[in-house]
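Below: the structure, in structure tokens.
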Amino acid sequence: KYTVDASKPAGDSIFDTAAFEKYIHDRIKVDGRTNNLGSVIAIARNGATLTITTAPGTIAKRYVKYLTKKYLKKTIVSEWIRVVAVSKTGYELRYRSNNIADDDEEEDEE
């Protein structure tokens, strides 16, 4: 059971969890094929948290991070949001702190 918590970006309307759920559902590969989830993998969304329940050994946690990063690149928010591991089975989407510092410097120059 893997989780991806996107509550911070979703709360600011930067991240669409419904589109992210569809992306994961369409792109996840089981036995080398997409759209092959069957009863092996279940994807559920609870608010801004996506839960992927799998049989042991079906997919790796790293694969969930890989797909999440691909989605962030596709939606062009990877410059502001990063994927951080918060537990053995979970990830969280957080804002990049270096962009906040860059924005403050730009305001000081004006």
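The values are calculated or read from the model by the stated rules, or taken from the named source; none is laboratory data. Keep in mind that this is a model prediction, so the values were computed, not measured. Cβ atoms come from the backbone with ideal geometry, glycine included; neighbour counts cover every protein chain shown. For accessibility, only protein heavy atoms count, side chains too; no ligands or nucleic acids. Shrake-Rupley method; radii C 1.70, N 1.55, O 1.52, S 1.80 Å.
Points to keep in mind about this one:
- Among (1) open to solvent by less than 60 Å² (accessible area, probe 1.4 Å); (2) modelled with pLDDT of 90 or more, the one test that residue 9 misses: (2)
- Members of region 1-25 that are within 13 Å of the chain's Cα centre (by Cα), under 17 Å from residue 53 (Cβ atoms) and in contact (Cβ under 8 Å) with a residue 60 or more places away in the chain: 2, 3, 4, 5
- For region 26-64, the candidate set comprises residues that are touching a residue at least 12 places away in the same chain (Cβ under 8 Å) and over 22 Å from residue 88 (Cα atoms); within that set, the residue that is least open to solvent (accessible area, probe 1.4 Å) is 37.
- Long-range neighbours under 8 Å by Cβ, at least six apart or interchain, first residue in contact (Cβ under 8 Å) with a residue 12 or more places away in the chain within region 65-86, second of a type in the set (Phe, Trp, Tyr) and open to solvent by 50 Å² or more (accessible area, probe 1.4 Å): 80/95; 81/95; 82/95
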